[in-house]
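Let me begin by presenting the structure, written as structure tokens, before commenting on it.
Derivation of every value follows stated rules applied to the coordinates shown; laboratory data play no part. What you see is a predicted model, and the numbers here were worked out from it, not measured in a lab. All Cβ positions, even for glycine, are placed from backbone atoms using ideal geometry, and neighbour counts span all protein chains on display.
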Amino acid sequence: MIFSNDYKMDIKPILLGVNIDHVATIRQARGTRYPELIQAALIAEQNGADSITAHLREDRRHIQDRDISLLKDMINSRLNMEMAATDEMVDLAVKVKPQACCLVPEKRQELTTEGGLDVTGNLSRLQTTCKRLADADIEVSLFIAPERDQIDAAKAVGALVIELHTGSYAEAKNIKLQDVALEHIKKAAHYANSIGLQVNAGHGLHYHNVEAICRIPEIVELNIGHSIIAQALFSGLGQAVRDLKQIMLNSRSHIS
Ligand code: PXP
């Protein structure tokens, strides 16, 4: 009993990074000035977002270069810039200096980020990228599958943070497969934390599947976008963020 209480005291409230890419998707669909991205970011912050995430894709399908600079200047929390590990993106990040960069794989035809970064297969390139970003005082996170060799490689290239890809859990076709995927994420989070990495997670999380992920004590922050922006259609963005954050905090407080 004493041990379990001690353990509970070490568990921190879970943080929410709100990904606002799809606010920009609506704007870009018509080339309008609205919906205003900064307004979305500020509303998200006022309603519980601990950071704002935006993915500047090579094809600029939603977030634009100007958005990243404006977000950096205007928001009050932290800007997490998602990007591919290309020279173009690193040059941009070093100029704008978001508080954090999350390196993701990127394919032109994909609907959204489909898999984790292949860190094991790109050690020297990622080491150089991580160093350039870290030298500019940017916290570097690598978006990876919940696999031990990718976690070891992330540590080896100098990342301080990993974001575990929760897609296999979120998109599992049945409960059994979802349980297996959840178990992989739990083991990966535990292992990564044990070797000194901060563990974040995200992709495909929504109001009905986020609880089990929040109960993994090593996970510090979740990055969630599509489900929040979708829910905002019905409840408004502020309420959508508040509701999700409440579910996250409740789930975290029920870790035994
Ligand atoms: N984390 C990363 C690294 C991502 O690429 C994405 C998708 O842009 C997310 C989190 C958020 O995923 P979703 O929009 O499915 O919540």
Would you calculate a helix-derived [θ] at 222 nm for the chain, using -39,500 (n - 2.57) for each DSSP H run of n ≥ 4 and dividing by the full residue count, to the nearest 500? -15000 deg cm²/dmol
Run the numbers on the chain and let me know its relative contact order in percent, using alpha-carbon pairs under 8 Å that are six or more apart. 20
Using only the Cα atoms of the stretch 141-204, what do you get for the radius of gyration and for Dmax, in Å? 11.5, 36
What are the principal axis extents of the Cα atoms in the stretch 2-93, in Å, biggest first? 58, 31, 22
Can you give the extra length, in nm with one decimal, that the chain gains between ALA29 and ALA136 once fully stretched, where that is 0.36 nm per residue apart less the Cα-Cα distance? 35.1 nm
Set LYS72/LYS95; LYS186/LYS245; LYS95/LYS155; LYS107/LYS176; LYS107/LYS186; LYS12/LYS245 screened for pairs whose C-alpha atoms are more than 19 Å apart: LYS186/LYS245; LYS95/LYS155; LYS107/LYS176; LYS107/LYS186
Run the dipole for the chain about the Cα centre, Lys and Arg Cβ at +1, Asp and Glu Cβ at -1, nothing else charged, and hand back the magnitude in debye, nearest 20. 360
What is the log10 of I(q)/I(0) for the chain, computed with the Debye formula using one identical point scatterer on each Cα and no solvent, at q = 0.10 Å⁻¹? -0.46
